[in-house]
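Below is one structure, written out as structure tokens, with a few remarks after it.
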Amino acid sequence: MNKLLIIFFLLSANVFIKSTYAETWTLPPSGVDIFGQTKTIKVSSKDTLLDIARQYDIGQAEILLANPNVDRWLPEDNDEVILPSRYIIPNVDRKGLVINLAEMRVYYFPETQNGNKPVVITHPVGIGRMDWITPLGTSKIIEKKKDPTWIPPKSLQLDRIANGEQPYPSIVPPGPTNPLGKHAMRLSIAGGSYLIHGTIKPFGVGMRVSAGCIRMYPEDIESLFNKIPVGTEVRVINEPIKLGWLFDSLFIELHPPLEEDQEKYQDYEQKVIAFINDFLASQGDKRMQDIEIDQEVLKQAIHEKSGIPVLVSRSDIENTLAINP
């Protein structure tokens, strides 16, 4: 089938599914690592960027990076706001839950059943602060609780006392003051002390706000809670640089590194170049020979770190741009 027809089909299928289930997309076939659709909307001065982010299931940092010239609190009437809802799938196995700390986003690849098309579901998340880092590694969901009770960890209580704050109650029952919200899923990592949960402070989603747990918008965790079975694999990664194919065209998606990684990424441009070379080398000699990187486009992408996939290869550019939303 012609590539353009294939991509047109994928985009049509994605739009249909997304209109029914927020942030649910047809999983691209082999050779395609990109899904979703970047859009531009006009906004009212009554809306903050944070309101718009939640409305369109985007994290706070995501929408600010994509719109650096729009006032987050007081946008002008008819300001154009980019909705960065196009993504490169992380370069890991497409199964279970994948949480990329650098982009503060979770990807869920449910098992395909009854001959249905495979899908990918994605949502923004809040992650641990610099002094309460969300641990990397592979674990699994070991427990699910609706209307959970929260027992604040001793370390968090001591931290509040040290900062002159009133400690939390020893037990917080379910209800409107429970920081876990209405849904929580426990991870096997670190003795089961980390959760994926909702929140009573949704504006913190897409930011570094937690004591290490993964926070989600209440509507997002409710949706995932009903889909994810106990035992689902969870992989936490930290990849500020992502590369992916759209057939013969190479895209890059760049995010600012986390604060604790600033020294590691001090020369961000060299890190990106080395990452691209290693990635292409892993694809085989033919890929290395056929792909030419547009250096000017790459430099601009490195400068912006917008979190939006950018076409950086010169091969087949005209055909790719014709379907790039």
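The values are calculated or read from the model by the stated rules, or taken from the named source; none is laboratory data. Predicted model only: the values in this text are computed from it and were never measured. Cβ: placed from backbone, ideal geometry, glycine included. Neighbour counts: every protein chain shown.
Structural remarks
- Any hit, segment 181-203, residues being part of a loop (DSSP other than H, G, I, E, B), of a type in the set (D, E, K, R), in the same structural domain as LEU136 (by TED's automatic domain parsing) and under 22 Å from VAL92 (Cβ atoms): no
- Filtered residue count, segment 93-121, keeping only those that are in contact (Cβ under 8 Å) with a residue 40 or more places away in the chain and either at positive phi or assigned to a strand (DSSP E or B) (or both): 13
- Check on ILE63, of a type in the set (Val, Ile, Thr), over 24 Å from HIS197 (Cα atoms) and at pLDDT 95 or above: no
- Test: GLU239 is at pLDDT 95 or above, surrounded by fewer than 16 Cβ atoms within 10 Å (Cβ to Cβ) and not in a strand (DSSP E or B): no
- Across segment 213-233, the number of residues qualifying as of a type outside the set (D, E, K, R) and closer than 21 Å to GLU62 by Cβ comes to 8.
- Members of segment 245-284 found to be under 29 Å from ASP131 (Cα atoms) and part of a loop (DSSP other than H, G, I, E, B), listed by number: HIS255, PRO256, PRO257, LEU258, GLN262, GLU263, LYS264, TYR265, GLN266, ASP267
- Screening segment 137-170 for residues that are outside any loop (DSSP other than H, G, I, E, B) and among the aliphatic types (A, V, I, L, M) and picking the one that is surrounded by the fewest Cβ atoms within 10 Å (Cβ to Cβ) gives ALA162.
- The strands (runs of 3 or more DSSP E) located wholly in segment 19-76 that include 2 or more residues which are without any contact (Cβ under 8 Å) to a residue 60 or more places away in the chain occupy 39-43.
- Any hit, segment 225-234, residues being farther than 26 Å from ASP93 by Cβ, surrounded by fewer than 19 Cβ atoms within 10 Å (Cβ to Cβ) and modelled with pLDDT under 95: no
- Residue in segment 35-67 that is nearest to VAL120 (Cα to Cα), counting only those that are among the β-branched types (Val, Ile, Thr) and buried (at least 21 other Cβ atoms within 10 Å of the Cβ): ILE58
- For segment 77-92, taking the residues that are in contact with a Gly (Cβ under 7 Å, 6 or more places away or on another chain) and either not charged (D, E, K, R) or not in a strand (DSSP E or B) (or both), the one that is surrounded by the most Cβ atoms within 10 Å (Cβ to Cβ) is identified as TYR87.
- Residue within segment 271-289 that is touching a residue at least 12 places away in the same chain (Cβ under 8 Å), farther than 18 Å from ILE89 by Cβ, touching a helix residue (DSSP H, G or I) at 6+ places or on another chain (Cβ under 6 Å) and surrounded by fewer than 19 Cβ atoms within 10 Å (Cβ to Cβ) present: no
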